[in-house]
Amino acid sequence: MAEKVAAGRRVTLRYTLALADGTVLDRTDGELPASFHIGSGELVAFLEQHLIGLQPGDQDHQVDHDGQDG
């Protein structure tokens, strides 16, 4: 069984960061995936919490955030 994303693990992913109106701010399309250590502060906490528990191969996750807690 594949190991799930947890604190202290490195995750590698492709992403698109967009505003609610669809304006794209950043993306990894056509580039190498981005890698982050969960719990290191490289990602904002709300995004880390969303990633925890995912497994390799999980995809098509949309994370909505109002920006109130960073």
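Each reported figure results from applying straightforward, stated rules to the coordinates on display, with no laboratory input. What you see is a predicted model; the values in this text were computed from it and never measured. In this analysis, Cβ positions are derived from the backbone assuming ideal geometry, glycine residues included, and neighbour counts consider all displayed protein chains.
Key figures
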item: Pairs of Cα atoms farther than 18 Å apart, the chain, %; result: 42 percent
item: Local net charge near Phe36, Cβ-Cβ under 14 Å (Lys/Arg +1, Asp/Glu -1); result: 0
item: Spin-label model distance (nm) - Asp58 vs Arg14, 7 Å beyond Cα toward Cβ; result: 1.9 nm
item: Alpha-carbon Rg/Rh ratio, for segment 31-70, with Rh computed the Kirkwood way; result: 0.96
item: Dipole in debye (nearest 20) - the chain, about Cα centre, beta carbon charges: Lys, Arg +1; Asp, Glu -1; result: 340 debye
item: Amide H within-cut-off set for Ala18, under 5 Å, with H built and near neighbours excluded; result: Leu25
